[in-house]
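The values are calculated or read from the model by the stated rules, or taken from the named source; none is laboratory data. Owing to the predicted nature of the structure, the values given are computational and were not obtained by experimental measurement. Neighbour counts are summed over all protein chains in view; Cβ atoms, including those assigned to glycine, are modelled from backbone coordinates with ideal geometry.
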Ligand code: NAD
C-alpha cells in the first residue's frame, strides 16, 4: 500500500523501514502532523499512518474520505485523538497497535516515582557541579506505602505487579477489574477509596468522556496531603489548573507526568531556543517537586520495534482482508460500550 506517514521523527523512519525491509509497502514520511492544513499531503495515497498528537477530527476524517483514503493506522494504543463517531461511520478503517510491551510504560511510571521520591534528578545536578551535600535530598521508603492504580488494564496491571514487588499495598479502581490481580496483588475498591487511601496514585486508564479531568479540584480534596501523583496515560485526565493550585498548597507533594493536556504544541519538538508560550507548563516546570518527561514512557527499542512491526502487519492484513480484531478501533469501541 502507498502510505503517508505523519509526525515522523528519525526513530520512526529507522524502525518502520526495518519492519518494512521487504518493501511490501511504499512509505512516504512527513515530519508535520496530520491536520486540516496538511490534509492535501495525503492525496494519491491509500492509507495514512499517524501518532498520538495527530488530531483525527471530523474535518480531517471527512477530508480523508474525499481523498479516497481507505485506512488510518495509528502507531499507538490509545485512540482518544480519533473522532470515533466520524471514523466508525465512514468508509475508512482505523487500526491501532493494541499490544506492545506494557512493561515499558509501567517501568517509566516507576522511574518517575523513584526519581521524585529519592530526588535523583537533583542529586545528579548537584554532583556534576561539585556539590556533594545531601541536605534536603531525603526521600521516603516505598515498602509499606499504599499505591493507588486507576485502570488495571495491560499497563496498570504490570505497574501494580512491580509496586507489589517493592512491598507496597496496592489498591485499585477499574470498572472492569482483572480477576488475576485479585489473588494477592491488588485490592479493588471504589475510586473515592483509592483517592483517600493512597500515598502514590498512578493513572493508567484511557482518556474517555468519563475520565476527562478525573483529577480535578474535587478529587484532589479527597487525597492525602502530600500525595504523589503520576500520569503516564493521557494529559487530559488531569485538570492542570487544579493541580497547580494543589501543588502551591502542598496538597500534592510530588507530580510526575509523561503526558500533558496541551502537549501537541510542545512534545516531540526541540523548543530549547524558543520562548515557551504555554504558561501552564512553564509554571509546572518551576516546581522543584514536579518531574516532566515528554511522552517517552513507551520509548524503548523493544516497543519501537513492536509498534513498527504491528503497523506494517496492519497494512498487510488490511490488504489481505485479514484484520486482527484487537487492533480494530471501532470493534474495540463497541466492546467497551
Ligand atoms: P488497556 O485498555 O489495556 O487498559 C485500560 C484500563 O482502563 C482497562 O482495564 C479499562 O477497563 C480501564 N478503564 C476504562 N475506563 C476507566 C475508568 N473510568 N476508570 C478506571 N478504569 C477505567 O490500556 P493500556 O494498554 O493499559 O494503556 C492505558 C493507557 O496508557 C492508554 O489508554 C494510553 O492512554 C496510555 N499510554 C501511554 C503511553 C505513553 O507513552 N505515555 C504509552 C501507551 C499507552
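The set of residues in the stretch 282-298 being surrounded by fewer than 19 Cβ atoms within 10 Å (Cβ to Cβ) and in contact (Cβ under 8 Å) with a residue 60 or more places away in the chain consists of 288, 289, 293, 296. Where helices (runs of 4 or more DSSP H) sit wholly within the stretch 222-337, those with at least 1 residues that are closer than 24 Å to residue 97 by Cα occupy 301-320, 329-336. Among the residues making up the stretch 54-72, those that are within 16 Å of the ligand (Cβ to nearest atom) and either outside the structural domain of residue 10 (by TED's automatic domain parsing) or buried (at least 19 other Cβ atoms within 10 Å of the Cβ) (or both) are 54, 56.
Every listed requirement among (1) part of a loop (DSSP other than H, G, I, E, B); (2) within 11 Å of the ligand (Cβ to nearest atom); (3) over 18 Å from residue 234 (Cα atoms) is met by residue 152 save one, (3).
For residue 307, the criteria (1) more than 25 Å from residue 109 (Cα to Cα); (2) within 15 Å of the ligand (Cβ to nearest atom); (3) in contact with a helix residue (DSSP H, G or I) (Cβ under 8 Å, 6 or more places away or on another chain); (4) touching a residue at least 24 places away in the same chain (Cβ under 8 Å) hold in every case but one, which is (1). Taking every residue in the stretch 160-179 that is away from the ligand (no atom under 16 Å from the Cβ) and pairing it with any residue that is modelled with pLDDT under 95, at least 6 positions away or on another chain, the pairs with Cβ-Cβ distances below 9 Å are 164/184. Report, by residue number, each residue of the stretch 107-123 that is under 21 Å from residue 232 (Cβ atoms) and free of Cβ contacts under 8 Å to residues at least 60 places away in the same chain. Within the stretch 107-123, 107, 110, 111, 114, 118, 119, 120 qualify. Consider the stretch 195-210 and keep the residues that are near the ligand (Cβ under 9 Å from one of its atoms) and either touching a residue at least 40 places away in the same chain (Cβ under 8 Å) or assigned to a strand (DSSP E or B) (or both). The one that is nearest to residue 142 (Cα to Cα) is 203. Flag set for residue 78, criterion: assigned by TED's automatic domain parsing to the domain that holds residue 311 and within 16 Å of the ligand (Cβ to nearest atom).
Residue by residue, here is whether (1) touching a strand residue (DSSP E or B) at 6+ places or on another chain (Cβ under 7 Å); (2) in contact (Cβ under 8 Å) with a residue 40 or more places away in the chain holds:
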position	(1), (2)
234	no, yes
238	yes, no
241	no, no
247	yes, yes
251	no, no
265	no, no
269	no, no
273	no, no
277	no, no
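Exactly one residue out of 241, 279, 270 is surrounded by fewer than 17 Cβ atoms within 10 Å (Cβ to Cβ), modelled with pLDDT under 95 and more than 16 Å from the chain's Cα centre (by Cα): that is 270.
Which of the residues spanning the stretch 102-149 are within 16 Å of the ligand (Cβ to nearest atom) and over 30 Å from residue 210 (Cβ atoms)? The answer is 115, and nothing else.
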